[in-house]
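The values are calculated or read from the model by the stated rules, or taken from the named source; none is laboratory data. Owing to the predicted nature of the structure, the values given are computational and were not obtained by experimental measurement. Counting neighbours? That spans all protein chains shown, and the Cβs are built from the backbone with ideal geometry, glycine included.
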Amino acid sequence: MNVLIVFAHPEPRSLNTALRDIAVEELRAQGDTVRVSDLHAMGWKPTVDRADFPTLPPDHRLQVAPASAQAFAAGALTDDVRAEQEKLLWADVLILQFPLWWFSMPAILKGWVDRVYAYGFGYGVGEHSDRRWGDRYGDGRLAGKRAMLIVTTGGWAEHYSPRGINGPIDDLLFPINHGILHYPGYDVLPPFVAYRVDRLDDEGFGTVAEALRVRMRSLHTTAPIPFRRQNGGDYVIPTLELREDLARPGLTGFALHRSEAEG
Ligand code: FAD
């Protein structure tokens with residue numbers, strides 16, 4: 001299988017880099033072909049701006065979505081963006097790896113999503129009509145592929161538990177797992193999260209490294225998070241609300257969008 005790791009850490013001697021190398025080694029040992037987009041090492045341009053749309057006439061006001069649609073359709077996106085899109089189409093599995101910074105991904109990785117998920121590629125895919133609201137949330141250009149996060153945190157596991165002050169980790173990662181990965185079609189695996197890593201000693205590192213190896217060994221078989229598919233009949237079109245009969249009393253928020261939440 002082909003695996004793409006998109007990696008966001010500025011330091012080659014970091015814990016994250018060491019964990020990435022363990023993941024790559026384990027995947028290659030089991031016969032996978034692995035490519036890594038190391039965003040800092042690549043000098044990835046992290047913001048969307050006019051330079052992303054070289055064929056946009058200078059006197060046109062930049063509207064990102066239409067400019068993106070036009071450039072994607074014309075094959076006129078910049079070479080760095082097209083190269084990442086090709087890697088996504090090549091990969092059977094996408095892994096995003098990053099340290100949790102301010103409860104989310106580092107800006108350089110968000111900028112990778114903003115630029116690589118062009119209109120027509122990451123969004124704006126499929127029929128938009130009274131009967132269908134595009135191919136997204138389980139359908140889309142990347143449907144049939146798997147994706148997962150590898151995340152490290154300074155905070156303890158308890159801080160991210162259901163009563164923890166930071167909020168549950170599944171809630172914090174929902175915008176990435178559901179909004180960035182499930183949206184263009186991926187089956188999203190439960191994340192690998194290494195907590196409380198800032199003063200990790202050799203023993204702690206060994207434990208995290210082994211847990212990561214175990215997760216890499218089951219990358220192709222682990223059951224995905226059971227996010228509901230937008231076009232699977234659970235949602236009302238065009239309001240995109242979960243059908244009333246599927247909403248268990250008292251259950252609200254992100255948990256509604258997992259089918260295991262049914263009563
Ligand atoms: P490093 O600093 O590279 O290493 C961490 C420890 O691992 C070190 O003690 C190192 O010695 C040890 N280590 C053991 N073995 C190895 C090895 N083989 N190779 C390398 N290192 C090893 N945390 C939160 O919980 N929530 C947040 O919202 C949050 N926001 C943050 C925002 C910013 C801007 C920053 C800078 C940090 C934030 N943090 C937050 C903390 C952050 O998530 C952690 O610092 C990060 O996950 C640690 O990963 P690292 O790769 O940078 O670790």
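What the table shows:
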| item | result |
| --- | --- |
| Single residue of Leu212, Leu181, Leu173, Leu240 found to be part of a helix (DSSP H, G or I), away from the ligand (no atom under 13 Å from the Cβ) and not hydroxyl-bearing (Ser, Thr, Tyr) | Leu181 |
| Subset of region 101-120 (residues that are free of Cβ contacts under 8 Å to residues at least 60 places away in the same chain and in contact with a helix residue (DSSP H, G or I) (Cβ under 6 Å, 6 or more places away or on another chain)) | Val116, Ala118, Tyr119, Gly120 |
| Residue that is nearest to Thr207 (Cα to Cα), among those in region 146-165 that are touching a strand residue (DSSP E or B) at 6+ places or on another chain (Cβ under 7 Å) and within 13 Å of the ligand (Cβ to nearest atom) | Thr152 |
| Residue match in region 52-75 (condition: closer than 21 Å to Arg213 by Cβ, under 22 Å from the mean Cα position of the chain (by Cα) and in contact (Cβ under 8 Å) with a residue 40 or more places away in the chain) | no |
| Given (1) of a type outside the set (Ser, Thr, Tyr); (2) away from the ligand (no atom under 16 Å from the Cβ); (3) surrounded by fewer than 19 Cβ atoms within 10 Å (Cβ to Cβ), number of the condition Ile225 does not satisfy | (3) |
| Residue in region 61-71 that is in contact with a helix residue (DSSP H, G or I) (Cβ under 6 Å, 6 or more places away or on another chain), at pLDDT 95 or above and either among the β-branched types (Val, Ile, Thr) or surrounded by 12 or more Cβ atoms within 10 Å (Cβ to Cβ) (or both) present | yes |
| In region 184-199, the residues that are aromatic (Phe, Trp, Tyr) and either within 20 Å of His220 (Cα to Cα) or more than 13 Å from the ligand (Cβ to nearest atom) (or both) | Tyr186, Phe192 |
| Per-region count, region 92-140, residues within 16 Å of the ligand (Cβ to nearest atom), crowded, with 17+ Cβ neighbours inside 10 Å and either more than 14 Å from the chain's Cα centre (by Cα) or part of a strand (DSSP E or B) (or both) | 5 |
